[in-house]
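Novice: Please see the structure below; I have some questions.
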Amino acid sequence: MPKGKNKFTKEQIQQLSANKNVRQVSEATISFHEGFTRKYYSERIGGKRPKDIFRENGLDPEILGMSRIKSYDVHTRRKAEREAGFSDERKLNQRRPKSAPETDADRITQLEHELAYTRQEVEFLKKIASANMEARIAWESKHRQK
């Protein structure tokens, strides 16, 4: 039995860790290898039920729980739709910037990104200024003394 709401016991963690499809498991979370995610998605598109897919791959749906299974199904479908596909991008999205660009190519990439961002900011400010001007003209036309 789980220790709390959707928590894995030590025995369950050991059992899940032994499965080749599991990349990492803790008391509260579980993550799967990219290959399993691809296989899961292709079988799911083929019409198999999520519980059956997990069971066929040596993962007990009772241990995982329906909320995890449903959540995994939703996240897998979203991953399939995105450009990066099933690859794990969490390491790429760190908020802490690099201390310094390593090469000239890295520096150029960084500067191109900054330039694109600045251009977006400028376009946004232009739209705000234009909307402000239009609103001012509309207000003045309504309140103009005759």
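Novice: Pull up segment 46-60, narrow it to residues that are outside any loop (DSSP other than H, G, I, E, B) and more than 12 Å from Leu16 (Cβ to Cβ), then point me to the one that is least open to solvent (accessible area, probe 1.4 Å). Step through it out loud before you land on a result.
Specialist: Filtering segment 46-60 down to residues outside any loop (DSSP other than H, G, I, E, B) leaves 50-56.
Cutting the leftovers down to more than 12 Å from Leu16 (Cβ to Cβ) gives us 50-53, 55-56.
Values: Pro50: 26, Lys51: 59, Asp52: 50, Ile53: 1, Arg55: 125, Glu56: 112 Å².
If we take residues in segment 46-60 being outside any loop (DSSP other than H, G, I, E, B) and more than 12 Å from Leu16 (Cβ to Cβ), then Ile53 is least open to solvent (accessible area, probe 1.4 Å).
Residues are listed down the side, and each one gets a yes or a no for (1) at pLDDT 90 or above; (2) closer than 18 Å to Gly85 by Cα; (3) among the basic types (Lys, Arg):
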| residue | (1), (2), (3) |
| --- | --- |
| Pro2 | no, no, no |
| Lys7 | no, no, yes |
| Leu16 | yes, no, no |
| Glu27 | yes, no, no |
| Arg44 | yes, yes, yes |
| Asp52 | yes, no, no |
| Glu56 | yes, no, no |
| Met66 | yes, no, no |
| Ser71 | yes, yes, no |
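Novice: May I ask you to list the residues in segment 1-39 that are of a type in the set (Phe, Trp, Tyr) and under 16 Å from Met66 (Cα atoms)? Lay out the reasoning, then the answer.
Specialist: Residues of segment 1-39 of a type in the set (Phe, Trp, Tyr): 8, 32, 36.
Scanning segment 1-39 gives a single hit, Phe8.
Novice: Counting only residues that are surrounded by fewer than 15 Cβ atoms within 10 Å (Cβ to Cβ) and not polar (S, T, N, Q), how many does segment 66-82 have?
Specialist: First pass over segment 66-82, keeping only residues surrounded by fewer than 15 Cβ atoms within 10 Å (Cβ to Cβ): 66-67, 70-71, 74-75, 77-78, 81-82.
Narrowing the set further to residues that are not polar (S, T, N, Q) leaves 66, 70, 74-75, 77-78, 81-82.
Total satisfying the criteria: 8.
Novice: What's the number of the only condition in (1) touching a residue at least 40 places away in the same chain (Cβ under 8 Å); (2) not in a helix (DSSP H, G or I) that Arg38 fails to meet?
Specialist: Just one mismatch for Arg38, condition (2).
Novice: Hey, another quick one. Failed condition for Lys98, given (1) modelled with pLDDT under 90; (2) closer than 20 Å to Ser17 by Cα; (3) not hydroxyl-bearing (Ser, Thr, Tyr), with all others met?
Specialist: Going through the list (1) modelled with pLDDT under 90; (2) closer than 20 Å to Ser17 by Cα; (3) not hydroxyl-bearing (Ser, Thr, Tyr), Lys98 breaks only (2).
Novice: So is Arg119 over 22 Å from Thr29 (Cβ atoms), open to solvent by 100 Å² or more (accessible area, probe 1.4 Å) and modelled with pLDDT of 90 or more or not?
Specialist: Details: over 22 Å from Thr29 (Cβ atoms): yes; open to solvent by 100 Å² or more (accessible area, probe 1.4 Å): yes; modelled with pLDDT of 90 or more: yes.
Here the answer is yes, as Arg119 does meet what is asked.
The values are calculated or read from the model by the stated rules, or taken from the named source; none is laboratory data. No experiment lies behind these values; they were computed from the predicted model shown. All Cβ positions, even for glycine, are placed from backbone atoms using ideal geometry, and neighbour counts span all protein chains on display. Heavy atoms of the whole protein, side chains included, go into the accessibility calculation; ligands, DNA and RNA do not. Shrake-Rupley method; radii C 1.70, N 1.55, O 1.52, S 1.80 Å.
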